[in-house]
Amino acid sequence: MQEKDTLQRIVSHCKEYGFIFPSSEIYDNLGAVYDYGPFGAELKNHIKEYWWKSMVQMNENIVGIDAAIFMHPTTWKASGHVDGFMDPLIDNKDSKKRYRADVLLEEKIDKLKEKGEKELAKKGIDLSSSEDDKVKASRDYAKGLALEAAYKSAAEAGDLKRYKELIEAYEIVCEVSGSKNWTDVRQFNLMFGTKLGSLEETSTELYLRPETAQGIFVNFLNVQKTARMKIPFGIAQIGKAFRNEIVARQFVFRMREFEQMEMQFFVRPGTELEWFAKWKEIRMKWHLALGTPQDNLRFHVHEKLAHYANAAEDIQFKFPIGYKELEGIHSRTDFDLTEHQKYSGKKLQYFDSELNQNYVPYVIETSIGLDRMFLRVISESLKEEIVPDTGETRVVLSLPPALAPIKVAVLPLLKKDGLPEKARAIVDKLKFVGRTFYEEKDAIGKRYRRMDAIGTPFCITVDHQTLEDNTVTIRERDTMAQERIHIDQIEQLVAAKVDMNVLLRKAMA
Ligand code: GAP
């Protein structure tokens, strides 16, 4: 199946089964904004719980906060977002479609190199041979490399005129109009502006925060003092962030309103690269504990570091649209705290009693998009398979049980003979284990399929034998294996599988 089709299948599944809906759908949607439905909201909450517990509950030296979305406007001057949080955009004059100029160029480079590699493979040339040999053997490969070099130097110089020249020289066309009729490239700030106050003349210009991290930095001393934290320590936060993304066509991968789970870890200057390595390891373990094959995750080293960073890597996941950034791990030096000191005139220093010295701490940041994490979990869990006995196709969402929106479904075989009452009594007991679903409509096979598609790890069927001997059938989602057990065993059996601690123990081992 094509990558585009796989993403489309995920989008349809999420809508059909109540995970994600396009925002304001009855008014024809709002671009790149999404609403989470009943099962999506549950799954999202479990992902948050997995992250929050592993960060805050399991680490004595990390505390959590919940800062406001609105912040003093000077925050964004100090952080560099007012002057530097820009994307280069370009419009096609015929279709009026807007693109990110850097993305157009990067896609063209990838296409040329891929085409070139296919040519090389046909000619029997090993991809590990020297660049010189590959350039000689494939025109497309050579063109790809030449464009890459030219693009890199234009990006370093911030030369937007050169971007346009390259787009024209390499004959990049608009996917809608097919034309090469482009506007000039210009910078576009991604922050959403709004106003605070009711009167136009006295109102203050504000921004919706484009990252949650700054709420942590400006509270550094408040938190350190009130929670009596000693360096090294971290501050964690989960919250909404807003970016006016130009290219936003990849479902919840790139949204205009999204959620981040960020943690800033404050360390002694000079120890930051050791901590950077530690946090890379910790975060990779957290991802792998979900049972993902190692091949689906990889580190990607930033070639060009942001001006404030002295190391930066992404954890990339193999999404249906290819390997893409899922989480960023950045060594941000003392940049943010120093800038906030400068702009606010307030000291943001730490007194290290062991060194008998004041300093501005260095920071390691781990930053993951909750919605991207959601897409990752869905994309690696959604499967279509043939049922061996019947030859039917079934759609199953093999979610890690701790993340599943519904933990167990209780299904009376018939809607009569006292079976619904018996089933309801079981639901009442099981709801203490986790979200329990009761359903009596439709044939049992159809009900199983619906639960498979939502990712429910267990289905309990109540039948006439249950009335006689208090036993039920328990069906496991992935194997479809069924077993007869006593009602008194259900709670313990389900709880042992869906417990978040099972996952946390793996992540923290
Ligand atoms: N504080 C650092 C920071 O915000 P970032 O790389 O811009 O760094 C961190 O964002 C993470 O937030 C990304 O790795 C990604 O998972 C998520 N993210 C960023 N932009 C997003 C968007 N438009 N939609 C969904 N998630 C996004």
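The values are calculated or read from the model by the stated rules, or taken from the named source; none is laboratory data. As the structure is a computational prediction, the values presented were derived from the model and not from experiment. Cβ atoms come from the backbone with ideal geometry, glycine included; neighbour counts cover every protein chain shown. Areas reflect the complete protein model, heavy atoms only, side chains present, ligands, DNA and RNA absent. Shrake-Rupley method; radii C 1.70, N 1.55, O 1.52, S 1.80 Å.
Observations, loosely collected:
- Taking 0.36 nm per residue of sequence separation and removing the Cα-Cα distance, the residue 35/residue 385 pair yields an extension gain of 123.1 nm.
- Here the chain is assigned +1 on the Cβ of each Lys and Arg and -1 on the Cβ of each Asp and Glu. Its dipole about the Cα centre then comes out at about 220 debye.
- Sequence-distant lysines (8 or more away, or on other chains) whose Cα lies within less than 25 Å of residue 180: 4, 93, 96, 97, 108, 111, 113, 115, 143, 152, 161, 164
- Euclidean distance between Cα centres, region 305-347 to region 1-48, Å: 28
- For the chain, the longest principal axis of the alpha carbon atoms and the long axis of helix 38-52 meet at an angle near 70°.
- Among residues other than residue 288 with Cβ under 15 Å from its Cβ, the summed charge is +4 (Lys and Arg +1, Asp and Glu -1).
- For the chain, the average shadow cast by the Cα convex hull is 31.2 nm², which is a quarter of the hull's surface.
- Angle in degrees between helix 487-498 and the longest Cα principal axis of the chain, rounded to the nearest 10: 10
- The fraction of accessible area contributed by carbon and sulfur in region 383-509 is 52 percent, rounded to a whole number (1.4 Å probe; ligands and nucleic acids excluded).
- Computed from label points 7 Å out along Cα-Cβ, the spacing between residue 69 and residue 292 is 2.7 nm.
- Rounded if a/c under 1.5, otherwise prolate or oblate - region 387-508, Cα gyration tensor axes: oblate
- Residue 161 versus residue 506: modelled label distance in nm, points set 7 Å from Cα along the beta carbon direction: 5.6
- Contact order, relative form, for region 387-508: 30 percent (alpha carbon pairs under 8 Å, 6 or more residues apart, mean separation divided by residue count).
- In this rough spin-label picture, where each label sits 7 Å from Cα along the Cβ direction, the residue 338-residue 443 distance is 7.0 nm.
- Surface accessible to a 1.4 Å probe, per residue, for the residues of the chain, Å²: 49
- Ellipticity estimate at 222 nm from DSSP helix runs (n ≥ 4, -39,500 (n - 2.57)) divided over the chain, nearest 500: -11500 deg cm²/dmol
- When only alpha carbons are used to place a centre, region 390-452 and region 213-241 end up 42 Å from one another.
- Our summary gives the chain a relative contact order of 14 percent, counting only alpha carbon pairs under 8 angstrom and 6 or more residues apart.
- Antiparallel bridges, percent of DSSP beta bridges restricted to region 387-508 (to nearest 5): 55
- Near residue 146: Cβ cut-off under 13 Å, other residues only, Lys/Arg at +1 and Asp/Glu at -1. The net charge is +3.
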